[in-house]
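The values are calculated or read from the model by the stated rules, or taken from the named source; none is laboratory data. Remember, predicted model here, so these are calculated numbers, not experimental data. So basically every Cβ, Gly included, is an ideal-geometry build from the backbone, and we count neighbours across all protein chains shown. Note: accessible area is taken over every heavy atom of the protein model, side chains too, but ligands, DNA and RNA are not part of it. Shrake-Rupley method; radii C 1.70, N 1.55, O 1.52, S 1.80 Å.
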Amino acid sequence: MTLGTRTRIRHREPAQGKASGAASTALRPALESPRRPARVLAVFPLGVYLEIRTDVEPFVVAVVTGEATRLPNAVVLGDPLPATSAGDEAAVGDGCIEIGRVTVRVRRWWDPAPALGPLGVDRLAQMLPRFAQICDDSARRPGLDPDGAGALLASGCAEGSLTSAITAAEQLMGLGPGLTPSGDDMLAGVMVALRQFGRAAGVGKAVWMADWLAATVAFDARTRTTPISATLLHCAAQGQACAEALAVLRGIAGHHPLGPAVRGLLRLGHTSGADLAWGLRTGLAAVARLGGSPVPGR
């Protein structure tokens, strides 16, 4: 399900057609390129999604308010959202975004994949039962039955089996309803965890698995799922995630309490938070199991 659509607010244009915001560093290639045409893909109370006419990733930009979930492909505004409708013309590049008569200029940047710092595999293994318990105590559940393709993805990653992991990823992409189907959110959580925890704990085989899943996403996502979800999968393949998912990563790393972070993630959307949490748990378990394994030849 798409995040950041739960609160109804009034859209109005900032004074003089100008606005400013803070952009994810994932958007640097799009924002610092020459100006390119785009269109308004979708409009929600807390965000406007733009599709850039390009083959370069990310090709969907979320322009959101500070109340919305901070997605890894987002520009967070310090002003009200511009008034616009799906299908309207827009433009992205030269350090700004044009939506109708409003120009949004990027004033600062934030990192959707901050380094966690060194972590021991034993720390990851110790935190897994706590993470699982918090999820199990919640009434929130993934939108898909994890015993299907999810189980194949979990076993493939934990065993270092590319065949199983890639087969499961292809089955999950686009599976489920919504602009971000549950299968995509589950796969995104796995890729983020494999890359982030694999790097932090020095588990090369986990990063290797993340690289291959990323290649699968790059090849298939645009034709297998929605444009919004395809971009979020691309971001996840690079270890980039929404603020709530990043808070869980930092909680596991010991930077702050884990419980509030997991419960905050689980509250997102109808099932998006639970789907992402399942993916993070699955990726965490795989990194812990793969710890110390040599990196196989490609």
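When the stretch 88-98 is filtered for residues that are more than 14 Å from A23 (Cα to Cα) and open to solvent by 30 Å² or more (accessible area, probe 1.4 Å), the ones remaining, listed by number, are D88, E89, E98. When the stretch 68-88 is filtered for residues that are charged (D, E, K, R) and in contact with a Pro (Cβ under 9 Å, 6 or more places away or on another chain), the ones remaining, listed by number, are R70, D79. Scanning the stretch 129-161 for residues that are buried (at least 17 other Cβ atoms within 10 Å of the Cβ) and assigned to a helix (DSSP H, G or I) yields F131, I134, C135, P146, A149, G150, L152, L153, A154, G156, C157, A158.
Filtering the stretch 99-113 to residues that are open to solvent by 40 Å² or more (accessible area, probe 1.4 Å) and either without any contact (Cβ under 8 Å) to a residue 40 or more places away in the chain or touching a helix residue (DSSP H, G or I) at 6+ places or on another chain (Cβ under 9 Å) (or both) leaves G100, R101, T103, W109, D111.
Mind checking whether some residue in the stretch 235-249 is more than 16 Å from A113 (Cα to Cα) and either open to solvent by 10 Å² or more (accessible area, probe 1.4 Å) or at pLDDT below 95 (or both)? No - not one qualifying residue is present in the stretch 235-249. Kindly indicate whether any position in the stretch 211-222 is of a type in the set (K, R) and under 18 Å from A168 (Cα atoms). Within the stretch 211-222, one or more residues are of a type in the set (K, R) and under 18 Å from A168 (Cα atoms).
Matching residues to (1) assigned to a helix (DSSP H, G or I); (2) buried (at least 21 other Cβ atoms within 10 Å of the Cβ); (3) modelled with pLDDT of 95 or more:
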{"position": "A218", "(1), (2), (3)": "yes, no, no"}
{"position": "L232", "(1), (2), (3)": "yes, yes, yes"}
{"position": "V287", "(1), (2), (3)": "yes, yes, yes"}
{"position": "G292", "(1), (2), (3)": "no, no, no"}
